[in-house]
Structures are given as C-alpha cells and as structure tokens.
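Remarks on the structure that follows.
No lab work stands behind these numbers, since they all come straight from the coordinates. Since the structure is predicted, the reported quantities are computational estimates derived from the model, not experimental observations. Virtual Cβ from ideal backbone geometry, glycine too; neighbours counted across all protein chains shown.
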Amino acid sequence: MNPEDPTAILQHAITLLERAESLLEELNTKLDRLETPKILPEWVDKHDAAKLVCKHWKTLDRWRGEASSTLIEGVHWQHDGGEVVYHAELLQDWYRNRGNPVAHQRTIDHFLATLPSNQSKRGRRKAG
C-alpha cells in the first residue's frame with residue numbers, strides 16, 4: 001500500500017471497518033448468550049430433576065419413597081397425570097441443604113407464602 005495513495009488508504013480503512021463490524025457482531029452474539037438467563041420450568045420430570053442434583057432418576061424415586069424422606073409431596077414433588085414431577089428450585093435447595101433442614105424450611109415457607117392461593121384478597125377490585 002502506498003501511504004500517499006488516497007484510494008489505497010480508503011480501501012484499507014474499509015477493510016478495517018468491515019473486520020471491526022464482523023468482530024462486533026460476534027461479540028454481541030456471545031454477550032447475548034451470556035446475558036440470557038437459563039430459566040428452568042417450575043416443575044420438571046424425573047430425568048431433568050435427576051440432572052439438577054447430579055443423581056440417577058431411580059435415586060430420586062428411592063429417596064421419595066423412603067419412610068424417613070424429607071421430600072414432601074405437593075412441595076418437592078407431585079403427581080402430574082401418570083408421572084411424578086419435581087419442583088426444580090425446591091429440589092435443588094433441598095439437596096444443597098440436606099444437612100441444614102432449618103435453612104431449607106425457610107425456603108419452603110417463602111415458596112408457600114408466595115403462592116397465589118396464599119395471597120390476601122383484600123384490596124383487590126373487581127374488573128368491570
């Protein structure tokens with residue numbers, strides 16, 4: 001490239017801008033992937049639940065069926081048609097806090113308090 005040739009300088013600038021634009025698009029794509037939170041469904045099947053706690057689904061079935069189990073039906077798991085589904089967030093918290101049932105009970109209490117069925121009906125107005 002001749003440093004005094006305006007056409008060559010302009011072509012080089014265009015090449016640099018195109019490369020910068022390409023890099024910016026690549027960076028934005030990567031940022032989108034980083035910033036998009038992975039939102040778990042509230043209730044997951046036994047296979048996805050097992051992945052959440054890094055165990056086999058049969059281990060979950062065994063834990064659920066034990067007489068001394070602290071997995072509570074209607075809180076940690078429930079029947080959904082013909083299959084058992086697990087509450088993703090509560091199952092993970094239960095697993096993390098197996099040695100600290102008081103901490104896990106706080107999570108359960110918070111979960112139950114936020115259910116729509118446990119919300120006060122005072123102050124609501126009828127639509128119309």
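General observations
- Mean separation of Cα contacts under 8 Å (6+ apart) over length of the chain, as relative contact order %: 18
- Rounded FRET efficiency, nearest 0.05, which uses the C-beta distance separating ASN100 from TRP57 and R0 of 22 Å: 0.30
- With 5 Å bins beginning at zero, the pair-distance distribution over Cα atoms of the chain amounts to 2, 8, 12, 13, 11, 8, 7, 6, 6, 5, 4, 4, 4, 4, 4, 2, 0, 0 %.
- Mean residue ellipticity (222 nm) of the chain, computed from DSSP H runs ≥ 4 via -39,500 (n - 2.57), nearest 500: -17500 deg cm²/dmol
- The residues neighbouring ASP109, those whose beta-carbon lies less than 14 Å from its own, together hold a net charge of -1 under the Lys/Arg +1, Asp/Glu -1 convention.
- Signed unit charges on C-beta, dipole axis of the chain, positive-most listed residue LEU16, HIS56, VAL85: VAL85
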